[in-house]
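Heads up: the structure comes next, in structure tokens.
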């Protein structure tokens, strides 16, 4: 009986210490955030994380972003971080990343913007989602691709209430309509109508919401 009492005390103490450490980490995460273009309220953004040019990034209220996320607003390419870069004329951009209210991302979300990426209110993003409004150039073979000019630059939007599954890639110029679902491992190369379910590589519509039957139906 004494043994059970001691075990219970140790367990309770461990839970309290764990909670204190978690609260401490949350406070460190909050205090170490950079200054964004706005002042988001109740932002939960776990570390580790990488944020490039936060003054070009707007984040709504009550947003939760898990660990390992990269928000990269590219103002100049190639950037100064590319040591030993081939001598090419750098590109200049005015990027915008805009994340709506109550957006949730499990973790390892990558958003790369040279133009504009917008995520609507209440969107849900699973882990390892990649959203990029540009691609690396590959028109030459005498210059490493990482140093070539960015191309196919076109804005991306993810509508309000969307659910983006695990390991999804969203390509430049794509607009995903509100309340749509993108299945895991999909590569979205063209725009998605509102209230649709898309899967595959390239992603295609397999279901759409039918107001008359108030249910998802197979796409025509």
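The values are calculated or read from the model by the stated rules, or taken from the named source; none is laboratory data. Predicted model only: the values in this text are computed from it and were never measured. Methodologically, a virtual Cβ is constructed for each residue, glycine included, from the backbone with ideal geometry; neighbour enumeration extends over all protein chains shown.
Return the residue satisfying two criteria in turn: it lies in the range 141-155 and is out of contact with any strand residue (DSSP E or B) (no Cβ under 7 Å at 6 or more places or on another chain) and in a loop (DSSP other than H, G, I, E, B), and of such residues it is surrounded by the fewest Cβ atoms within 10 Å (Cβ to Cβ).
Only one residue fits best here, namely 142.
Condition first: in contact with a helix residue (DSSP H, G or I) (Cβ under 7 Å, 6 or more places away or on another chain), in a loop (DSSP other than H, G, I, E, B) and under 21 Å from residue 150 (Cα atoms). Can you find one or more residues in the range 102-112 that meet it? No, the range 102-112 contains no residue that is in contact with a helix residue (DSSP H, G or I) (Cβ under 7 Å, 6 or more places away or on another chain), in a loop (DSSP other than H, G, I, E, B) and under 21 Å from residue 150 (Cα atoms). Note on the range 48-67: among residues that are free of Cβ contacts under 8 Å to residues at least 60 places away in the same chain and crowded, with 18+ Cβ neighbours inside 10 Å, the one that is farthest from residue 143 (Cα to Cα) is 63. Taking the range 156-169 as the range and being free of Cβ contacts under 8 Å to residues at least 60 places away in the same chain and either within 15 Å of residue 110 (Cβ to Cβ) or outside any strand (DSSP E or B) (or both) as the test, the residues that pass are 156, 158, 159, 161, 162, 164, 165, 166, 167, 168, 169.
Go through the residues of the range 128-139 one by one and say whether even a single one is in contact with a helix residue (DSSP H, G or I) (Cβ under 6 Å, 6 or more places away or on another chain), in a loop (DSSP other than H, G, I, E, B) and either surrounded by fewer than 21 Cβ atoms within 10 Å (Cβ to Cβ) or assigned by TED's automatic domain parsing to the domain that holds residue 164 (or both). Yes.
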